[in-house]
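The values are calculated or read from the model by the stated rules, or taken from the named source; none is laboratory data. Since we're looking at a predicted model, the values are computed, not measured. Every residue, glycine among them, receives a Cβ derived from its backbone with ideal geometry; neighbour counts consider all protein chains shown.
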Amino acid sequence: MADFKNEFSWSKSRAEKFNKCLRSYYLHYYGSWGGWDWEAKPEHKEIYVMKNLQSIPLWVGSIVHETVEWLTKLAATRDPVPIDQALDRLRKNMDMDWWTSESGNFRDQPNKMVGLMEHYYGEPIDQETFETAVTQSQDCIQNLYQNSVYQQFAGNQNLKILATEPYDSMNMNGLKVWAVPDVVTWDGTNLHLIDWKTGKAMGGDEINFQLSIYTAYCSIKWEVLFEKITASEVNLFLNQVKTRTFTVEDIQETKQAISVSASKMLDMLVDPENNIAREDDFPMTEILNFCGYCNFKRACGREQN
């Protein structure tokens, strides 16, 4: 087995899993651990495969984010990529992902290849379903080209892109907290962080919580005062932009919420210091409707829900 430790950390997505179903949370962060190793038990390998599955809506979001990241990096250094070229690249990548998933080849590297839940569970999906996903993805890219936030990147010598989707974390009183803003820019005076969205609008409290986490991260990472940081939610599906700033009090409230959430997670462990969990301590949800959209429904014996 791999010789590295499953260390505890906090993220917004981890908290959402914890609040939705404790068994799914356990399987994602503990039951799947080590499933990538060729010496792992078959059941651990299968849980690891399940962990990496994506639903079609999540896949659309992922492929759009990858395309936007590619376009953003290029826009800062050269003339913008023609939209037809961007749409063609997107289509080819989606064709490859679909084939990889449908053929089952994703099992060879489930953390690097796309495996769709719908294919894995044998759900009825046809070419029309695929074309609908392609259309939604392409609509998001077309909206990107018309978006004022994205247009600022192109050929703007005064705007420096500090990071695009940095997989990074910050330390909050000894707790590792993950934060991955999609784009962070600096104009010489102010820092601007951007979070691309590709689906329905999130609730105000939820998106504000996420953007406040990113603001705290950016303030620590680049040593910038909160009042000099602007955070934007750019919904490419709805073609909407919402922008706000956060105060010291806002960030303190966010830190407190993270601390409370992390404490609840740690309280469930048999050995918090070593991040060791026991499956029986993490019961399955009683809300069976959740199971139909869960990666792990086969592991829980709830595949028919």
Under 6 Å by Cβ, and 6 or more places apart or on different chains, what pairs join a residue from region 282-302 that is under 17 Å from HIS119 (Cα atoms) with one that is assigned to a loop (DSSP other than H, G, I, E, B)? CYS291/LYS297; CYS291/ARG302; CYS291/ASN305; GLY292/ASN305; ASN295/LEU53; LYS297/GLU303
Would region 238-249 turn up any residue that is in contact with a Ser or Thr (Cβ under 7 Å, 6 or more places away or on another chain), in a helix (DSSP H, G or I) and hydrophobic (A, V, I, L, M, F, W, C)? no
Quick check: anything in region 240-259 farther than 26 Å from ASN190 by Cα, loosely packed, with under 15 Cβ neighbours inside 10 Å and of a type in the set (Asp, Glu)? no
Residues of region 255-303 being in a helix (DSSP H, G or I) and touching a strand residue (DSSP E or B) at 6+ places or on another chain (Cβ under 8 Å), which ones? LYS255, ILE258, SER259, SER261, ALA262, MET265
Subset of region 86-143, residues hydroxyl-bearing (Ser, Thr, Tyr) and under 18 Å from LEU236 (Cα atoms), comes to THR132, THR135, SER137
Of residues in region 213-237 being out of contact with any strand residue (DSSP E or B) (no Cβ under 8 Å at 6 or more places or on another chain) and part of a helix (DSSP H, G or I), the one surrounded by the most Cβ atoms within 10 Å (Cβ to Cβ): PHE226
In region 270-281, what residues are over 25 Å from the mean Cα position of the chain (by Cα) and within 12 Å of PHE8 (Cβ to Cβ)? ASP271, PRO272, GLU273, ASN274
Anything in region 230-264 that is farther than 17 Å from SER148 by Cβ, in contact (Cβ under 8 Å) with a residue 12 or more places away in the chain and of a type in the set (Val, Ile, Thr)? List them, or say none. THR245, THR247, VAL248, ILE251, THR254, ILE258
Candidate set: region 107-124, residues that are in contact (Cβ under 8 Å) with a residue 60 or more places away in the chain and crowded, with 16+ Cβ neighbours inside 10 Å; chosen: the one farthest from THR243 (Cα to Cα): TYR120
If you scan region 84-123, which residues turn out to be among the small types (Gly, Ala, Ser) and out of contact with any Phe, Trp or Tyr (no Cβ under 6 Å at 6 or more places or on another chain)? ALA86, SER101, SER103, GLY104, GLY122
Go through the residues of region 66-81 one by one and say whether even a single one is farther than 30 Å from GLN157 by Cβ and not assigned by TED's automatic domain parsing to the domain that holds LEU238. no
Among the residues of region 284-305, what is the count of those that are exposed (fewer than 12 other Cβ atoms within 10 Å of the Cβ) and in contact with a Leu (Cβ under 6 Å, 6 or more places away or on another chain)? 0
